[in-house]
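The structure appears below as structure tokens.
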Amino acid sequence: MAVIAYKCPKINTTVVDINKEKINLWNSKDLNLLPVYEPGLRNIISKVRNINLFFSTNIKEAIEEADMIFISVNTPTKSKGFGAGYASDLKWVESSARTVAEHAKGHTIVIEKSTIPVRTAELIQKILEESNFSYSGDNKRSFAVLSNPEFLAEGSAIRDLENPDRVLIGGNDNKAMKKLSKVYENWIPKEKILLTNLWSSELSKLSANAFLAQRISSINSIASLCEKTGANIMEVSRAVGLDKRIGEDFLKSGPGFGGSCFQKDILNLVYICRFYNLNEVADYWEEVVKLNNWQRRRISTLVVQTLYGTVTAKKVSILGFSFKANTNDTRESASLYIVRDLLENGAIVSIHDPKVSMDQIQMALGAEPKQQNDDTDYGWFYEDDIYESVRYSDAIIILTEWDEYRNLDWIKCFNLMRKPSWVFDTRDVANPFEVRNAGINYWGLGQGNENFKN
Ligand code: UDX
């Protein structure tokens, strides 16, 4: 909405939420307090907030006044009931549709922005249409439902929105589709705006994410083979990616994909396939998630094995907790899983991240940090200075590719660490020669080296 407000000065946009605290943060004078860290966002908010972008908890008024409503609520994977572990929980989409049905006036175009299972638009349409039977207001109301999936990636969201590869608008109401297209045409060339039927639009989002995630699982699978054979994943990835048909993006090996979308969307796809009895197709896509889970576990297992089979009472420094650089989002972050494994194995885990706060880590891990005077020899704590975090550590594990970790002073690290000291670099950001020259043992993901050949 911030980008729409910025690019379309004539359109008034209002973001509403039932969470008052969040809305207050979006309205805070100090732009450092905005609840989402996203490069470029603060700048845009400072230009349009309270001019044509408003944040409010007055949901009723915003719906009454709106010509277009974007439903952008979360759709997490169901944890219980039918489809648990695979299907998306649509309760927030449904309750949003009901709220729109209650307050809308005149003609309203309702747009689903949340990533949702195929055929959700039907549910929204039904709720909206049937609401007219019980509606007692004076005005005649009507609705059009469109699907307009979001393809932005966190960390580059503003750039992706300003210059998207494509915008997808799905629906069967041509007038409504043209109206939404006009909004985007304020800054996006028309040929990049694709108009499709509802189901194609919904399925394209799931498919795009599944294809992207599949590339990561593919390259991660090859990384493990590189380690065994003495090949180097960066060389392999470059050689493979230079084939124009394959392309070089999204071929970076790492500790496994995280974020709010990939796993959830693939599991959704798997669920739909099983529903339609396409079991081979379901199994095919499920392997992408299985390989990702294996990749995270492989790293924590390798760390424990390398540290002589045990991390009990050993200090391990985690560099990076967000699921990738340039975001403070920790959802499904590989760090979350690897830290949990290390804690279960009795390690003392010191966590550093330039943008993720201690409170966020606590919430994500569901465990209290270790207190200063706590003399137990396991647990986690937060450290905002990289070198303090490394002090007395047996091992450093780099899990997020923040720039801060690219040029560390490895001699300083060596002097601070317990010996023998180790660096496990799952993002290939450290310089192996510098690490080794400093006297630290080095393991780099996908880099076959003598120590690990067997
Ligand atoms: C993704 C899609 O890219 C976006 O189009 C969709 O709208 C939402 O989901 P996002 O989750 O924000 O976006 O981040 P993305 O850049 O796709 O990264 C996802 C995960 O894959 C991260 O954990 C990242 O570190 C990992 N990744 C990405 C790799 O391990 N290697 C790569 O080459 C690329």
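Readers should treat all values here as calculations from the given coordinates under stated rules, not as data from a laboratory. Values in this document were obtained by computation on a predicted structure and should not be read as measured data. Virtual Cβ from ideal backbone geometry, glycine too; neighbours counted across all protein chains shown.
Bridgeable aspartates and glutamates around K314 (alpha carbons under 15 Å apart, same-chain partners fewer than 8 residues away excluded): D341, E344, D375, D377, D394. Rounded to the nearest whole Hz, the Karplus-based 3J(HN,Hα) values (6.51 cos²θ - 1.76 cosθ + 1.60, θ = phi - 60°) of region 242-259 follow the sequence 6, 5, 4, 5, 9, x, 8, 6, 6, 10, 9, 6, x, x, x, 6, x, x, with x at glycine and proline.
Take 438-447, 255-264, 162-171 and order them by the average number of nearby Cβ atoms within 10 Å per residue, most first; the result is 255-264, 438-447, 162-171.
By the beta-carbon count within 10 Å of each Cβ, the least crowded to most crowded order of F133, F321, F143, fewest first, is F133, F143, F321. For region 157-274, lysine pairs with C-alpha atoms less than 29 angstrom apart, excluding pairs fewer than eight positions apart on the same chain, total 25.
Packing, taken as the mean count of other beta carbons within 10 Å per residue, orders the peptides 355-365, 374-384 from highest to lowest as 355-365, 374-384. Maximal additional length on extending the R166-F133 stretch stands at 8.1 nm, based on 0.36 nm per residue less the C-alpha distance. Taken about its Cα centre, region 204-293 carries a charge dipole of about 160 debye when Lys and Arg each add +1 at the Cβ and Asp and Glu each add -1 at the Cβ. The angle between the Cα long axis of helix 262-275 and the longest principal axis of the Cα atoms of the chain comes to about 60 degrees, rounded to the nearest 10. Once the Cα atoms are used to define both axes, helix 91-103 deviates from the longest principal axis of the chain by about 30 degrees.
Hand me the tally of lysine pairs in region 17-120: alpha carbons under 18 angstrom apart, and the pair either on different chains or 8 or more positions apart.
8
Between the amide H of Y382 and those of I351, distances stay under 5 Å, these residues lying 5 or more places away or on another chain, with hydrogens modeled in the peptide plane.
Of all DSSP beta bridges confined to region 74-214, the antiparallel ones make up roughly 15%.
Sorting the segments 4-12, 295-303 by their mean number of nearby beta carbons within 10 angstrom, highest to lowest, gives 295-303, 4-12. Hey, what angle do you get for helix 120-134 against the long axis of the chain, alpha-carbon based, 0 to 90 degrees rounded to 10? So the inclination is approximately 40 degrees.
Using the Cβ atoms and a cut-off under 12 Å, what net charge is assigned to the surroundings of R418, where Lys and Arg are +1 and Asp and Glu are -1? Within the 12 Å Cβ shell, the charges total +3. Annotation: lysines with alpha-carbon distance below 16 angstrom to K355 (same-chain offsets under eight excluded): K324.
For the chain, the dipole from Cβ point charges (+1 on Lys and Arg, -1 on Asp and Glu) about the Cα centre works out to 760 debye, to the nearest 20. Kindly work out what percent of the DSSP beta bridges joining two residues of the chain are antiparallel, to the nearest 5. Of those bridges, close to 5 percent are antiparallel.
Compute the length gained on full extension between N12 and D359: take 0.36 nm times their separation in residues and subtract their Cα-Cα distance, giving the result in nm to one decimal.
Answer, rounded to one decimal: 121.5 nm.
About its Cα centre, region 278-430 has a charge dipole of approximately 440 debye under the convention of +1 per Lys or Arg Cβ and -1 per Asp or Glu Cβ, with nothing else charged.
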